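Working notes, structure below.
The values are calculated or read from the model by the stated rules, or taken from the named source; none is laboratory data. Worth saying up front: this structure is predicted, and the values here are computed from it rather than measured. Cβ atoms come from the backbone with ideal geometry, glycine included; neighbour counts cover every protein chain shown. The protein model used for the area step is the full one, side chains on, heavy atoms only, and it has no ligands, DNA or RNA in it. Shrake-Rupley method; radii C 1.70, N 1.55, O 1.52, S 1.80 Å.
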Amino acid sequence: MTNIKDPRLIKSGTANTYSSDDALLSGAETRGSQVRLQLELSKEASDEMSNLMNRCGLATRKDLINNALVLLRWAVDEVEKGGSISSVDPINKSYTEIKTPALDYASRRSVQS
C-alpha cells in the first residue's frame, strides 16, 4: 500500500521517496539550478489553481505545481509497472479508476519497451 504524507509520496517497499521538493520544472530561462517558467492559462484554469491551492493549504502556485508533479510522477511509475490509478470508496466497496491521455500513453509505451 502506498502512503501519502504531505507533501511526500512514498513508494511502499522501496527506499524511493517522491517529494515536492524534488520536482523539476523546465522552461526558457535558467538561473543556476533554478528554472523560471511562465504560463498562459485561461481564467477558468487560473481559478481552478486558486481553488486547489485553498483546498490544499498551499501558499504558492509553485507549491501547487510541485505537488502535482509528485502525483503525476508516481502515477506514471505505477502505470508503467502495469498498475492503475484508482480511488477506493470503502463504504460502497467500489473504486473509480482515473484515465488520462498522459497515463494511457505512459502505459502503452511501457508495454512496447
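A cut-off of 5 Å between modelled amide H atoms, ignoring neighbours fewer than 5 places along the same chain, links Ile85 with Ile98. Ligands, DNA and RNA aside, Asp47 has an accessible area near 70 Å² when probed at 1.4 Å. Here the Karplus curve 6.51 cos²θ - 1.76 cosθ + 1.60, taken at θ = phi - 60°, turns the phi angles of region 62-74 into couplings of 4, 4, 4, 5, 4, 5, 5, 5, 4, 5, 5, 4, 4 Hz, with x standing for Gly and Pro.
For region 58-113, taking Cα atoms only, Rg and Dmax work out to 13.7, 40 Å respectively. Looking at region 26-113, the GluC sites (Glu not before Pro) that sit in a DSSP loop and have at most 14 other Cβ atoms within 10 Å of their own Cβ are Glu40. In the assembled protein chains, Arg73 presents an accessible area of approximately 80 Å² (probe radius 1.4 Å). Between Ser86 and Ala102, full extension at 0.36 nm per residue minus the direct alpha carbon distance yields a gain of 4.2 nm.
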